[in-house]
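For reference, the structure discussed in these notes is given below.
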């Protein structure tokens, strides 16, 4: 019997990479296939649950093939599977077979952001009264809700996602034409809503989320991208959808 | 060192018997996402709800909100499936800290993990892999359980595994391994009766003899579930799939377990091919009937003695 550590390393590699069990000290080695199948099916189904629209775009057969290749290339690193699949969209972007379907990776990106939004908390939201009470609006600081996720794409993946939805079958009626798209995903109760925004709205949220919470700098970034943007209307929409955190 | 000595050393209570919060005699059910809204709205009769810990690690997310809503009306047990207690390289401390954060909020009546492993060489599988029954594996899992219990500040239960194959060179059998784990760490046993039945068939041992080899006084919870039959290399292998009702031979073994260990809090696990909630509750009621019959039988015997 090899040392436990070596045994576990060899066995887990054999399961994840469909390796040869020949050297493992097992009785009834053929039954190792049960563990291989369990792992493959559970991870494949997990990916299909997180990426249902991508699965519809690819078809079950190709999705199974892509999932299997992804699992072999990037197996889970933790027993907490909530984060497994974060790199699936990037993996799809490198599959030569998908070169003629360039919107598929962004569809997967959008689905991953929806998954992250679903697992994120809702904090008490800033109200219109809270905003009106701010004494120095130019220097105010704003924070987006943790469940707000934003995406920019050269394809209208937000429209595609809404059209197909969870059980819809609108794919056959959907024609994909390149169109610069910005959207935000957020929790509306226990469901995920998608909100198509302009480039200015996207830059505003992007600034708040990734650079700085300053309203003034976020507004500057937004106006630079879209000079005609109405900041009042953007703020009102963020407040109305409860996307800003009450500080 | 006896259990009393260990109790004096630990800043938390070691396992001392089934939790009083689960003494209603009502059987619990696994909390699964498709049933959550119906449970929250309808509050059906169930002894307790058991949640797979990892599904609720994202504090504040939708699943977590559902769990907290359920917690208003039911005792909640947290049952982990990914901690990899039997890992030679130790448990993943980031994972353990997430579990602790969840437990600190939920304050579950029970916490349980598995006598298995699922992580090595920096990768993990979503399955419960068998441990070799060796002194080295015993030492590794005891070390990990002690670390987990010290981090959580409480005793946990560990579940006996279901197995499809075994290793060459075993140094003890499974009941011996489990008894030693519990003696060394002060945790309790989550006795999965379906796992015993499945493993007994797959590995060729006597399920009743296994039960008889488990010491009394260490069982804190019982699991019941349905299995699935697969043919592998010409043999029928029973797979612990949790995708069927509890089968008759498993009910028989459950009756024997109750007779040996007493009226232990019981849970029905049904994870795949999930039925409607009412069907799952029927299965829990069936377990209630076994438990009620045991209590009645014991009452009759006590009356005769008096």
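Is one or more of the residues making up region A:2-17 buried (at least 20 other Cβ atoms within 10 Å of the Cβ), under 20 Å from residue B:88 (Cβ atoms), touching a helix residue (DSSP H, G or I) at 6+ places or on another chain (Cβ under 6 Å) and within 14 Å of chain B (Cβ to nearest Cβ)? Looking through region A:2-17, at least one residue is buried (at least 20 other Cβ atoms within 10 Å of the Cβ), under 20 Å from residue B:88 (Cβ atoms), touching a helix residue (DSSP H, G or I) at 6+ places or on another chain (Cβ under 6 Å) and within 14 Å of chain B (Cβ to nearest Cβ). Criterion first (surrounded by 15 or more Cβ atoms within 10 Å (Cβ to Cβ) and under 16 Å from the mean Cα position of the chain (by Cα)) does residue B:263 satisfy it? So residue B:263 passes the test. Would you check if there is a residue in region A:72-81 being more than 9 Å from chain B (Cβ to nearest Cβ), outside any helix (DSSP H, G or I) and on the phi > 0 side of the Ramachandran plot? No; the residues of region A:72-81 include none that is more than 9 Å from chain B (Cβ to nearest Cβ), outside any helix (DSSP H, G or I) and on the phi > 0 side of the Ramachandran plot.
Which is in contact with a strand residue (DSSP E or B) (Cβ under 7 Å, 6 or more places away or on another chain), within 22 Å of residue A:164 (Cβ to Cβ) and buried (at least 16 other Cβ atoms within 10 Å of the Cβ), of A:118, A:103? Even if it seems obvious, please write down each step before you answer.
Values: A:103 fails: in contact with a strand residue (DSSP E or B) (Cβ under 7 Å, 6 or more places away or on another chain).
None of the other options fit; the residue is A:118.
How many residues are assigned to a strand (DSSP E or B) and either under 14 Å from residue A:150 (Cβ atoms) or in contact (Cβ under 8 Å) with a residue 12 or more places away in the chain (or both) when one looks only at region A:189-223? Steps first, answer last, please.
First, the residues of region A:189-223 that are assigned to a strand (DSSP E or B): A:191-197, A:214.
Still in the list and also either under 14 Å from residue A:150 (Cβ atoms) or in contact (Cβ under 8 Å) with a residue 12 or more places away in the chain (or both): A:192-197, A:214.
Of the residues in region A:189-223, 7 are assigned to a strand (DSSP E or B) and either under 14 Å from residue A:150 (Cβ atoms) or in contact (Cβ under 8 Å) with a residue 12 or more places away in the chain (or both).
Could you please let me know if residue B:133 is in a loop (DSSP other than H, G, I, E, B) and farther than 25 Å from residue B:254 by Cβ? Outline the logic, then answer.
Values: in a loop (DSSP other than H, G, I, E, B): yes; farther than 25 Å from residue B:254 by Cβ: no.
Judged against the criteria, residue B:133 is not a match.
Among residues of region A:21-48 being more than 10 Å from chain B (Cβ to nearest Cβ) and at pLDDT 95 or above, the one that is farthest from the chain's Cα centre (by Cα) is A:44.
Screening region B:81-104 for residues that are crowded, with 23+ Cβ neighbours inside 10 Å and within 16 Å of the chain's Cα centre (by Cα) and picking the one that is farthest from the other protein chains (Cβ to nearest Cβ) gives B:85. Could you tell me whether region B:115-127 includes any residue that is within 13 Å of the chain's Cα centre (by Cα), surrounded by 23 or more Cβ atoms within 10 Å (Cβ to Cβ) and more than 10 Å from every other protein chain (Cβ to nearest Cβ)? Yes; the residues of region B:115-127 include at least one that is within 13 Å of the chain's Cα centre (by Cα), surrounded by 23 or more Cβ atoms within 10 Å (Cβ to Cβ) and more than 10 Å from every other protein chain (Cβ to nearest Cβ). Would you confirm whether any residue within region B:184-191 is out of contact with any strand residue (DSSP E or B) (no Cβ under 6 Å at 6 or more places or on another chain), crowded, with 16+ Cβ neighbours inside 10 Å and in a helix (DSSP H, G or I)? Yes, there is a match, as at least one residue in region B:184-191 is out of contact with any strand residue (DSSP E or B) (no Cβ under 6 Å at 6 or more places or on another chain), crowded, with 16+ Cβ neighbours inside 10 Å and in a helix (DSSP H, G or I).
Might you let me know whether region A:48-68 holds any residue that is closer than 17 Å to residue B:163 by Cβ and buried (at least 21 other Cβ atoms within 10 Å of the Cβ)? Reasoning before the result, please.
To start, the set of residues in region A:48-68 that are closer than 17 Å to residue B:163 by Cβ comprises none.
No, region A:48-68 has no match at all.
The values are calculated or read from the model by the stated rules, or taken from the named source; none is laboratory data. For clarity, every value in this text was computed on a predicted model and none was experimentally measured. Positions of Cβ are generated from backbone atoms using ideal geometry, with glycine treated the same way; all protein chains shown enter the neighbour counts.
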